[in-house]
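Step one of this worksheet: look at the structure below.
The values are calculated or read from the model by the stated rules, or taken from the named source; none is laboratory data. In this text the structure is predicted, and so the values were computed from the model without any measurement. No Cβ is skipped: glycine too gets one built from the backbone with ideal geometry, and neighbour counts run over all protein chains shown.
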There are 2 protein chains.
Amino acid sequence: MEHPPRDDIRLEAVLHALSDPMRMSVVSTLATAREELSCSLFDLPVSKSTTTHHFRVLRESGVIQQVYRGTAKMNGLRRTDLDALFPGLLESVLTAAGRQASRLGDA
Amino acid sequence: MEHPPRDDIRLEAVLHALSDPMRMSVVSTLATAREELSCSLFDLPVSKSTTTHHFRVLRESGVIQQVYRGTAKMNGLRRTDLDALFPGLLESVLTAAGRQASRLGDA
């Protein structure tokens, strides 16, 4: 699986990846877990191929890293890379998503 | 011109609006100016209709407000609304855009 090296991560791609509510919920879950989570743990209300697409967008934009551990595809946030490139960005987006979910009664 | 009231502004729409480099450059310019700027001041390297489209996406997502002053269409950032809904988000995105532009030699 291809991952962009840190220097190739672009703000516009990261913002695009985060601009989808389903992808944002994956990122929020990973941020809360603070550990790698298996793809199979995410039960998104979309088809398997759409789920795979969302994870690919997150990976190709540099937001998450994906590795196989045995047969499980594990996902982790690229916090260190994102914080180095865009200090405070990930945190403020996560906070904004949490506040919006509370405000709209989704959480 | 329609503008979403503050309560209808959604994080995903804001992130989508900011995920385009051309729109991000408009937002950065407005943030630096700290005043309303006329559309005609922005000389984007795209057609007039594409420029209009970008401004509409920014307006409909709640990132900017547009008002006619005489014959000029003036644009301003909705800083107060965005900061109230998503504290720190706009600032961290602006900082990230500035850092990336410096890093890539665009600024």
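Taking the criterion of being more than 14 Å from chain A (Cβ to nearest Cβ), in contact (Cβ under 8 Å) with a residue 24 or more places away in the chain and more than 14 Å from the chain's Cα centre (by Cα), the residues of segment B:1-48 that qualify are B:1, B:2, B:40, B:46.
Entry remark, segment B:76-98: residues being out of contact with any Pro (no Cβ under 8 Å at 6 or more places or on another chain), more than 17 Å from residue B:6 (Cα to Cα) and not hydrophobic (A, V, I, L, M, F, W, C) number 2 in total.
Can you name the residue in segment A:8-59 that is of a type in the set (D, E, K, R) and crowded, with 16+ Cβ neighbours inside 10 Å and is also farthest from residue A:93 (Cα to Cα) among such residues? Can you show your working first?
Of the residues in segment A:8-59, the ones of a type in the set (D, E, K, R) are A:8, A:10, A:12, A:20, A:23, A:34-36, A:43, A:48, A:56, A:59.
Restricting the remaining residues to those that are crowded, with 16+ Cβ neighbours inside 10 Å gives A:10, A:12, A:20, A:23, A:36, A:59.
Values: A:10: 16, A:12: 14, A:20: 12, A:23: 12, A:36: 20, A:59: 17 Å.
The qualifying residue farthest from residue A:93 (Cα to Cα) is A:36.
Given the criteria part of a helix (DSSP H, G or I), among the polar types (S, T, N, Q) and modelled with pLDDT of 95 or more, does residue B:29 qualify? Judged against the criteria, residue B:29 is a match. Among the residues of segment A:60-84, those that are among the aliphatic types (A, V, I, L, M) and either in contact with a Leu (Cβ under 8 Å, 6 or more places away or on another chain) or not in a helix (DSSP H, G or I) (or both) comprise A:63, A:64, A:67, A:72, A:74, A:77, A:82. Selection of segment A:54-107 for residues being in contact with a helix residue (DSSP H, G or I) (Cβ under 9 Å, 6 or more places away or on another chain), away from chain B (no Cβ under 14 Å) and of a type in the set (Phe, Trp, Tyr) yields only A:55.
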